[in-house]
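Everything on this sheet refers to the single structure shown next.
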Amino acid sequence: MYAIELFLDSDVEGYVRRVWTELHNKNISSFMFNIEELRPHITLAVYKELDDLATFKNKFKVHCNNHKKLDIKLDMIGTFPTSGTCFLAPTITKELLNLHSEFHKKFEAYSHYANPYYTPNNWEPHCTLATKLTHEKLVETINYCTKDFKPFKSTITEIGIVEITFEGDQCVSSPTIYSERCM
C-alpha cells in the first residue's frame, strides 16, 4: 500500500510526536508510536497498490518539483468515532482543497487503486494523533489532547510517497520512499 503525504514543519512534527509518545507512556494508545519510520502528516491519497512504482514516482517528481509551501492553521481536534481515531485538523481553505484536487487530477490514471476516503469530495484532511481506540480510550484521548490545546499555525514543507506495510491488520512501518521539499 502507498500513500501520498504532506509533511509539516518541525514544530508541528515535534508536537505530534510528543502526543504519540505521551499517549503511549500513559497506556492510552501505542498504535501511532509503534509504527516504524512514521512521520506526522496529512494524507492526500492512499493507493492499495501501484502497478509500476517507477513510472508513478517519475510522474510524482514532475508534478511536485517546485511545489510551493502552504501555510495552514491547525485549530481543531476531532474524531472519526467508527475507527476510534482522534486527530488534529487544519482549517479547510481554498488553497488546501486546490492542492488536493490538483493532485488527484494529475494522477487520475491511478484512481482505480485509490482509497475513496481520500478522493475529492470525500477528503477530511487530518493528522492522526491516535487510532483503533475503544470508545473509552477515545474519550480518554480527547480529554488528554484538549486539556491544554491551543490552535497554531504550520507550514506544509514537503510532499512524499510513503510505503505502508502491514502485518495482519497492524501497520508496522511507513517509510518515506521519495519526497520533494516545498519551495
> Across region 126-183, what is the number of residues that are without any contact (Cβ under 8 Å) to a residue 12 or more places away in the chain and farther than 22 Å from Glu36 by Cα?
Replying inline: 6
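This table checks each residue for (1) charged (D, E, K, R); (2) within 21 Å of Glu167 (Cα to Cα); (3) at pLDDT 95 or above.
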{"residue": "Ser10", "(1), (2), (3)": "no, no, yes"}
{"residue": "Gly14", "(1), (2), (3)": "no, no, yes"}
{"residue": "Glu36", "(1), (2), (3)": "yes, yes, yes"}
{"residue": "Leu50", "(1), (2), (3)": "no, yes, no"}
>> Can you pull out every residue in region 147-176 that is farther than 19 Å from Asp11 by Cβ and either among the acidic types (Asp, Glu) or surrounded by fewer than 13 Cβ atoms within 10 Å (Cβ to Cβ) (or both)?
In response: Lys147, Glu163, Phe166, Glu167, Gly168, Asp169, Gln170
>> If I filter region 21-30 for residues that are buried (at least 19 other Cβ atoms within 10 Å of the Cβ), assigned to a strand (DSSP E or B) and either touching a residue at least 12 places away in the same chain (Cβ under 8 Å) or polar (S, T, N, Q) (or both), do I get at least one hit?
In response: no
>> Out of the residues in region 1-20 meeting the condition of being charged (D, E, K, R) and in contact (Cβ under 8 Å) with a residue 60 or more places away in the chain, tell me which one is farthest from Asn58 (Cα to Cα).
In response: Asp11
>> I need the full set of residues from region 93-152 which are part of a loop (DSSP other than H, G, I, E, B) and closer than 22 Å to Thr55 by Cβ, in order please.
In response: Phe107, Asn115, Thr119
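The values are calculated or read from the model by the stated rules, or taken from the named source; none is laboratory data. Bear in mind that the values here come from a model prediction, so they are computed numbers and not experimental data. Methodologically, a virtual Cβ is constructed for each residue, glycine included, from the backbone with ideal geometry; neighbour enumeration extends over all protein chains shown.
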